[in-house]
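These notes concern the structure reproduced below.
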Amino acid sequence: MDEEREQYVIAPPRVVAIPVEGGGLFPVRRVFCVGRNYAEHTREMGGDPGREPPFFFMKPADALLSRGADMPYPPATRELHHEMELVAAIGTGGADISQSEAPTHVWGYAAGLDMTRRDLQGAAKKEGKPWDMGKGFDFSAPIGMLIASARIGHPSRGRIALRVNGALRQEADLAQMIWSIPEMIAQLSALVRLAAGDLIFTGTPAGVAAVARGDRLDGEIEGVGSVRTKIV
Ligand code: MN
């Protein structure tokens, strides 16, 4: 390992890690996100909430922002939207994971925000181009403390809500997800081999809207935890 390190011609990137409730750090490998997983949000985005297979996109791990840190307003947008989401953290990887085995692969859960440059995403959609610059920009994934599934089990219901400057913006129940977490893990692991350290943002309920510099975002998921940031 040390020999290998001596061969790097630039400093290797740091390991991105998120704090765990009760102590410790969870090292992150990849960040997957699911699109349109609540019917009301699918409708507000102009889609048809049928039960089509879930689709996935990604953010780089170093887009994560933890410990309640401020989020710098990103460049190249006039429409930064919040998307409040439950995040599942993979502790044991695998390919072609069955729905029944999926929970055993989840180390824990957190509350997270899939921040989105909606104007760039909208333009990309229109032109059939990738979403990456609308979704995977710097600081685009604020996340709260991770809590072990050994402590809380595997949430399939419970209130998920986001307040901006104290006003309720998003509110739903995890039971309203179109695709459950085991279903998502089965579908995603049929596309790529999941690995320890992967995160899955599981989609947002209705109520997405723009935020501005100075806004305080406070998200909560019943039985899981909270996420907060201030746009600066
Ligand atoms: Mn999302």
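Values quoted throughout were computed directly from the atomic coordinates according to the rules given, and no laboratory measurement underlies them. Just so you know, these numbers come straight off a predicted model, no measurement behind them. FYI the Cβ positions are ideal-geometry reconstructions off the backbone, even for glycines, and counts take in every protein chain you see.
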Computed for the chain: size of charge dipole around the Cα centre, +1 on C-beta of each Lys and Arg, -1 on C-beta of each Asp and Glu, debye to nearest 20, value 500
Counting only backbone N atoms under 12 Å from a point 7 Å out along Cα-to-Cβ of SER226, the residues of the stretch 40-84 in range are 68
Partner aspartates and glutamates whose C-alpha sits under 15 Å from that of LYS135, ignoring same-chain residues fewer than 8 away, are ASP62, GLU79, GLU83, GLU85, ASP114, ASP119
Taking max minus min of the Cα coordinates of the stretch 65-188 on each principal axis, largest first, gives extents in Å of 42, 37, 25
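Could you sort 29-39, 139-149 so that the peptide with the highest average Cβ count within 10 Å comes first and the rest follow in order? Could you put the intermediate results ahead of the total?
Values: 29-39: 21.6, 139-149: 23.6.
Per-residue Cβ counts within 10 Å, averaged per peptide and sorted highest first, yield 139-149, 29-39.
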Residues whose modelled amide H sits under 5 Å from the amide H of PHE26, counting only those 5 or more places away in sequence or on another chain, are ILE18, VAL20
Going residue by residue through the stretch 147-160, the Karplus relation 6.51 cos²θ - 1.76 cosθ + 1.60 with θ = phi - 60° gives ³J(HN,Hα) values, rounded to whole Hz and with x marking Gly or Pro, of 10, 5, 5, 4, 9, 10, x, 10, x, 10, 8, x, 6, 10
Each label sits 7 Å from Cα toward the beta-carbon; between GLN176 and ASP138 the label points are separated, in nm, by 3.5
The correct pair for the chain, radius of gyration to one decimal and Dmax as a whole number, both in Å and from Cα atoms, is 17.2, 54
With the 8 Å Cα cutoff and a minimum separation of six or more residues, the chain has a relative contact order in percent of 30
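Counting other beta carbons within 10 Å of each Cβ, put GLU220, GLU85, GLU127 in order, fewest first. Each step should come with its number before you reach the end.
Values: GLU220 19, GLU85 30, GLU127 8.
Ordered by Cβ neighbours within 10 Å, fewest first: GLU127, GLU220, GLU85.
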For GLN170, other-chain or 5+-apart residues with amide H closer than 5 Å (H placed, Pro excluded) are LEU162
